[in-house]
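To keep things clear, I will list the structure first and then write my remarks on it.
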Amino acid sequence: MSRKPIIAGNWKMNLLQSEAKELFEGIKSFVKDYTAPQLPTVVIAPTYTSLCAVESVKCDCGCGKNKIYVAAQNCHWEKSGAYTGEISVEMAKDAGCDYIIIGHSERRQYFSETDEMINKKAKAILAGGLIPIICCGETLEQREAGITDEHIATQIRAALSGISSEDVAKSVIAYEPIWAIGTGKTCDSTEANRVIKMIRNVVKEVAGVQAADSIRILYGGSVKPSTIEEQMSQSDIDGALVGGASLKADSFNEIIANTMKVSV
Ligand code: PEP
């Protein structure tokens, strides 16, 4: 089954509105030479205050797709209420988002997000008609202790618990070994592919073969223009969640261009 690749840029807590706009313009001017079917699914995730400084870019070839989609970096599962500092799925949608990243290791580590919270967020996102990008990954200690697969399988089973197979099929998972995030140490592509295959097997077990074949599973962790071709050549890696290299139009655009060389 061929799955359309996704290249998603996680801008984290970086860039003022004017800087976000400038980066957005740099990506927009690159994608203008292509149609959406030629491109991977391109997603940008600015910080909340810059969501309105960027916008999704529709394709004009009649395919009905976007050349650029916008994502929020987090959300709350409730629709509204006394949750100071949070935003709802509807608010993210209202600000132009089609995707929402959840369960990033930085949220799990610094803001004590649990698997249960991530599951509630995934359900709220899907109920609101948006697509969750569900992050998972192991620490270096877990890898060295030989419990990588067990840990990730637990995260995925919990995140997808109670979600219909149809909704699982639309979702996106990002496998991001924590020791590879922002460290410059990319996980070996064959190892990343092995873990991603394991994740796909867990999806098959919880949501069936069709969902496992359709769900897009990305790799994240120090992805660069020089690493993406090898990563995209693997059987089960369906794209990348990119942090540092998504903060400059040149490197992000090169990652998109190199993805197109391998498969779209
Ligand atoms: C991330 O935080 O999602 C990420 C993958 O960061 P980086 O590419 O900088 O490692």
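At 0.36 nm per residue, minus the direct Cα-Cα distance, what do ASP213 and LEU16 gain on full extension? Give it in nm, one decimal, please.
Full extension of this stretch gives 67.0 nm more.
Find the eigenvalues of the gyration tensor of the Cα atoms of region 126-264, then list the square roots of 5 times those eigenvalues as equivalent ellipsoid semi-axes, largest first, in whole angstrom.
24, 18, 13
Please name whichever of ILE178, TYR34, LEU16 sits farthest to the positive end of the charge dipole of the chain, dipole taken about the Cα centre and charges placed at Cβ: Lys and Arg +1, Asp and Glu -1.
In the chain, that residue is TYR34.
Given H placed 1.01 Å from N in the peptide plane, which residues other than close sequence neighbours of ILE101 have an amide H under 5 Å from its amide H?
HN-HN under 5 Å from ILE101: ALA72, GLN73, ASN74, ILE133.
May I have the convex hull volume per residue, in Å³, for the Cα set of region 31-118?
Spelled out: Cα convex hull of region 31-118, divided by residues, is 119 Å³.
Suppose the chain between ILE147 and GLU25 were pulled fully straight at 0.36 nm per residue; how much longer would it get relative to their current alpha carbon spacing? Before the final figure, lay out the partial values.
Numbers: separation 122, 0.36 × 122 = 43.92 nm, distance 4.27 nm.
Stretched fully, the ILE147-GLU25 segment lengthens by 39.7 nm.
Could you give the dipole magnitude of region 95-150 about its Cα centre, charging the beta-carbon of Lys and Arg +1 and that of Asp and Glu -1, in debye to the nearest 20?
360
Which Rg and Dmax, in Å, describe the Cα atoms of region 110-180?
Rg, Dmax (Cα atoms, Å): 12.8, 39.
Only counting other Cβ atoms within 10 Å, I'd like HIS104, HIS76 sorted with the fewest neighbours first.
HIS76, HIS104
Taking every pair of distinct Cα atoms and averaging 1/r, then inverting, what Kirkwood hydrodynamic radius in Å comes out for region 1-155?
16.8
About its Cα centre, what dipole magnitude does the chain give when the only charges are +1 on Lys and Arg Cβ and -1 on Asp and Glu Cβ, stated in debye to the nearest 20?
Rounded to the nearest 20 debye, it is 460 debye.
Debye calculation, C-alpha points only, no solvent: report log10 I(q)/I(0) for the chain at q = 0.16 Å⁻¹, in the same order as the q values.
Debye intensities relative to I(0), on a log10 scale: -1.25.
Between TYR175, TYR34, TYR110, find the one with the highest GNM mean-square fluctuation for the chain; connect C-alpha pairs within less than 10 Å.
TYR110
May I ask what percent, to the nearest 5, of DSSP beta bridges between residues of the chain are antiparallel?
Around 5 percent of the beta bridges assigned by DSSP in the chain are antiparallel ones.
Show me the trypsin sites (Lys or Arg not before Pro) within region 139-203 that DSSP assigns to loop and that have at most 14 other Cβ atoms within 10 Å of their Cβ.
Filter output for region 139-203: LYS185.
Could you give the spread of the C-alpha atoms of region 151-231 along their three principal axes, from largest to smallest, in whole angstroms?
Over region 151-231, Cα extents along the principal axes are 37, 23, 17 Å.
Between their Cα atoms, which of LYS4/LYS79; LYS93/LYS204; LYS21/LYS58; LYS123/LYS204; LYS21/LYS170 are more than 24 Å away from each other?
Check vs 24 Å cut-off fails for LYS4/LYS79; LYS93/LYS204; LYS21/LYS170.
Values in this text are rule-based calculations from the coordinates and carry no lab data. Remember, it's a predicted structure, so these values are computed and weren't measured experimentally. Note that we place each Cβ from the backbone using ideal geometry, even for glycine, and neighbour counts take in every protein chain shown.
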